[in-house]
Amino acid sequence: MSERTYLDHNATAPVRPEASHALLEALGAAGNGSSIHGEGRSARARIEAARTEVGALVGVDPRGVIFTSCGTEADALALTPDYQRGSEQIRCDVLLTSAVEHAGVLRGHRFPADRVEILPVDPRGRLDVDALHEALARHAGEGRRALVSLMLANNETGVIQPVADVARRAHLHGAMVHTDAVQAAGRIAIDAKALGVDLLSMSAHKIGGAPGAGALVAVEPDLRPAPIFAGGAQERGRRAGSENVPAIVAFGAAAAAARRDLAVDVERIAVLRDRLETALRCEFPELVLLVGDVDRLPNTSCLALPGVTAETFVIALDLAGVAVSAGAACSSGKVGPSHVLAAMGVPERIARSAIRLSFGWSSGEEDVDRALGAFRRVLPGLMRRARAA
Ligand code: PLP
């Protein structure tokens, strides 16, 4: 297995050594963060240290960080019609989101289906900002406040959305703004205040933390989404349930490591990804690079070999020692054509053959070499199939 190449960081990144060390140490310590004895206070101190690191990764006050169990829960916490700021009740009447969001966001989470409006993207996968503008003006004109949820970067294509521009326009219409930064956090520099969003979601296992922790960040710490569950007063009453201390501590360690390495890694990983893309395009002109000429994450590549299904492509690469995924592999086993590529207008024949390669903190030059070797071994056979199809 040591010779394998893992190019599926967007599904789950390998756990960073710093996070693994912190996780094991926390697993060995007793204590519930709500208990007042020494062990409880020590668990509380670990949680608060992690909160500071997670907040720092996106440039916010740690008091705004609400720990959850994963990115999906962070999105679900954000996507509610009901908010409170101090004694003010804020009611959002409608959710405006894009056609390329993660599954839970697309379904609106806690918004009723008839109050979710899905906006189109252009052929490069970026939100149609004019359509958003029209929707914001229409709802504001009819006295409805909107919550806008626009992902910072897409999980399948890596395309970066114009979140700062959208936040500015949305606020002019009195709307609130959430961004799902699950794929962007730790991969590009994020300053949530400069982005101008009210809320931002993150997930530990995408940045090299352990699975089991996520965070919804409220840029203004006193902005409170209605809790999902009734229960204890954990997370200042914003998310009931005993905290998953080991996963939270590992999340903090991963966030600290990601922040420390960010400036170098953005460039380093882009060089790896670009070297692979350039070589593949040069050697195999039949491969279609689905997303290129657009602002995108430095780690993600979305390719297709028309005529060969994504599953066949993924299995062939897997047998050759390279782990990649077919479109969105968050819910593994999913095979249907990607809603993201469909929204971009990619023809179904091409979309059905799209695979995603995603690099990350553990990737190196040897991964590019091995991936190229694997493509050289499997592509001639796959291309013969494609021509025969
Ligand atoms: N949002 C995006 C953009 C994602 O890519 C994912 C998972 O891949 C999620 C949310 C959900 O995160 P989690 O797996 O932590 O629930």
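The values are calculated or read from the model by the stated rules, or taken from the named source; none is laboratory data. In this text, all values refer to a predicted model and were calculated from it rather than measured experimentally. Because the Cβ atoms are built from the backbone with ideal geometry, glycine has one as well, and the counts that use them run over all protein chains shown. These area figures cover heavy atoms from the full protein model, side chains too; ligands, DNA and RNA do not enter into them. Shrake-Rupley method; radii C 1.70, N 1.55, O 1.52, S 1.80 Å.
Miscellaneous remarks
- Computed over protein heavy atoms with a 1.4 Å probe, the carbon and sulfur contribution to the accessible area of the chain reaches 56%.
- The residues of the chain have, on average, 40 Å² of accessible surface per residue, using a 1.4 Å probe with all protein chains present.
- Top of 186, 196, 360 by mean-square fluctuation, Gaussian network on the chain, Cα under 10 Å: 196
- Compared with the dominant principal axis of the Cα atoms in the chain, helix 365-388 is inclined by about 60°.
- Cβ-Cβ FRET estimate between residue 270 and residue 164, R0 fixed at 30 Å, reported to 0.05: 0.90
- Sequentially through the range 337-351, phi angles give Karplus couplings (6.51, -1.76, 1.60; θ = phi - 60°) of x, 6, 5, 5, 5, 4, 5, 7, x, 6, x, 4, 4, 6, 4 Hz, Gly and Pro residues having no value and appearing as x.
- Tilt relative to the chain, helix 17-27 - C-alpha long axis, 0 to 90 degrees, to 10: 40 degrees
- Approximate spin-label separation residue 230-residue 88, in nm, with each point projected 7 Å along Cα-to-Cβ: 2.9 nm
- Under-5 Å amide H pairs with residue 296, H placed in peptide plane, nonlocal only: 160
- Each residue of the range 273-281 was assigned a 3J(HN,Hα) from its phi angle through the Karplus curve 6.51 cos²θ - 1.76 cosθ + 1.60 (θ = phi - 60°); the sequence is 4, 5, 5, 5, 4, 5, 5, 5, 5 Hz, with glycine and proline shown as x.
- Distant-in-sequence amide contacts of residue 209, defined by a placed amide H-H separation under 5 Å and a gap of 5 or more residues or a different chain, comprise 16.
- Peptides ranked, highest mean first, by Cβ atoms within 10 Å: ranges 101-113, 171-183: 171-183, 101-113
- For residue 65, the residues 5 or more places off, or on other chains, whose built amide H falls under 5 Å of its own are 218.
- Against the chain, whose longest principal axis comes from its Cα atoms, helix 163-172 is set at around 40 degrees.
- In order through the range 70-75: 3J(HN,Hα) via Karplus (6.51 cos²θ - 1.76 cosθ + 1.60), integer Hz, x for Gly, Pro: 5, x, 4, 5, 4, 4
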